[in-house]
Amino acid sequence: MFEEPEWAEEAPVATGLEPVAARPRPAAASQIKGSKHRQLLATLRALEAAALPQQSPSLPGSDSEEEVVERKKKHSKKASFSNVSIEVEKKRKKKCQKQGPPGSDSEEKEVKRKKKCLKGVFNASDSAEEEKRKRKHQKQVRSNPAQHLDNDDQTGPKAWKSRDTNDLSQPSSGTTSANPPHILSRKQWRNRQKNKRSHKNKFRPPQAPDQAPATVSTEETEMPPDPSPHTHEDRAGALRARMAQRLDGARFRYLNEQLYSGPSSAAQRLFQEDPEAFLLYHRGFQSQVKKWPLQPVDRIARDLRQRPASLVVADFGCGDCRLASSIRNPVHCFDLASLDPRVTVCDMAQVPLEDESVDVAVFCLSLMGTNIRDFLEEANRVLKPGGLLKVAEVSSRFEDVRTFLGAVTKLGFKVISKDLTNSHFFLFDFEKTGPPRVGPKAQLTGLKLQPCLYKRR
């Protein structure tokens, strides 16, 4: 089966991989008969042939001395692995002969041992070839990194398995296949695949659920697409909206502080100089009140709907006239600026109404200036005797509710009811008993409420 080259006579080298027929066989092997034995011998010979590359018979003197030296080196490396396996095989055969006559069990064990030995020889030769492939690939990666990036998809355990099977199917080709890429560990390979997927999804436009994802080539996924002008415009618009929202919030906090820290006359001048400031303040105020579970203006409207519709109502600090839109009663709307045609712009300490002309006076979150006493005295002036005063104010502004109620009673009112159950505001109902019982110079400490300031969030 094998023809010895010419150089083997000049310098004989013990390869240890001579044909099986030329080796001395033990007595047990000579007695094995049947098709299984023949098939086993055929596979062993095929594996031995795969371990050694085929060599064409050379004429004497045809090969140069350099080629002979290279062949000797290759065969000496392979022979070193094969000699070790042959010695181990001989020792195992001797043990089997000593144990007893050849039988079915010993024959099967011996066949298995032969397979293991030949596998070890084959693996040893493959490991040497694999090291050479690694070195060649590292050199190629350094010289041409772009080609290495293109072949990234062919890396991984599956790609190496396919290359190994191709090498086994063509053992006698004598020429090695293309240089494989750098070997990656299982963890590195998984991380690379994960990075590729995230890179794809990062620049992929959103798709409808009924549409199937389109196949994208590797070249398109390697480089991110150029951002379109629409995305730049959208981002710029979103940034402008956020900055405008922050600016409006800052202006709202400033205006709110000015309204609580000064008299109503100063607030009126502020809104006359800057009409847009009132709109901005009202928009910020509504955004804060919307978060409450119950708005006080709705609670007041519900109470007034249970009373006769003929009662005349004066709404001090009406805002957008929500109360007037919620009830059937005639309503006089007063505020520092106008957001509705029904609003009368004025200072709530001096409203254009005649004395004792209204039945109900309402202050819904509007006791904001430092001159709260002036507001309540003006309400006493326009209310009829026995008229109703309804006050709804933020609960955090009251340090002591009793002192506040005592101060209001000194201005000509009597407490009818109070509702302190709500978590955000308190609601009080007063009845007019007559003119104020104290002079204008008398100090009423209970009317000094805490300012309702909003913190920056």
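Brief remarks follow.
One line per residue, one yes/no per condition, for (1) open to solvent by less than 20 Å² (accessible area, probe 1.4 Å); (2) touching a helix residue (DSSP H, G or I) at 6+ places or on another chain (Cβ under 8 Å); (3) part of a helix (DSSP H, G or I):
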| residue | (1), (2), (3) |
| --- | --- |
| GLN350 | no, yes, no |
| ASP359 | no, no, no |
| PHE363 | yes, yes, no |
| LEU367 | yes, yes, no |
| LEU376 | yes, yes, yes |
| ASN380 | yes, no, yes |
| SER417 | no, no, no |
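- Any chance THR409 is open to solvent by 60 Å² or more (accessible area, probe 1.4 Å), at pLDDT 90 or above and closer than 28 Å to ARG302 by Cα: no
- Positions within segment 425-450 being surrounded by 14 or more Cβ atoms within 10 Å (Cβ to Cβ), of a type outside the set (A, V, I, L, M) and within 16 Å of MET368 (Cα to Cα), in sequence order: PHE425, PHE426, GLY446, LYS448
- Taken over segment 390-426, the residue count meeting the criterion of being within 20 Å of LEU311 (Cα to Cα), touching a residue at least 24 places away in the same chain (Cβ under 8 Å) and not β-branched (Val, Ile, Thr) is 3.
- In segment 336-348, the condition of being within 28 Å of PRO293 (Cα to Cα), open to solvent by 60 Å² or more (accessible area, probe 1.4 Å), assigned to a loop (DSSP other than H, G, I, E, B) and without any contact (Cβ under 8 Å) to a residue 12 or more places away in the chain is met by at least one residue.
The values are calculated or read from the model by the stated rules, or taken from the named source; none is laboratory data. Just so it is clear, the structure is predicted and the values come from calculations on it, not from any experiment. Note that we place each Cβ from the backbone using ideal geometry, even for glycine, and neighbour counts take in every protein chain shown. All accessible areas refer to the heavy atoms of the entire protein, side chains included, with ligands and DNA or RNA removed. Shrake-Rupley method; radii C 1.70, N 1.55, O 1.52, S 1.80 Å.
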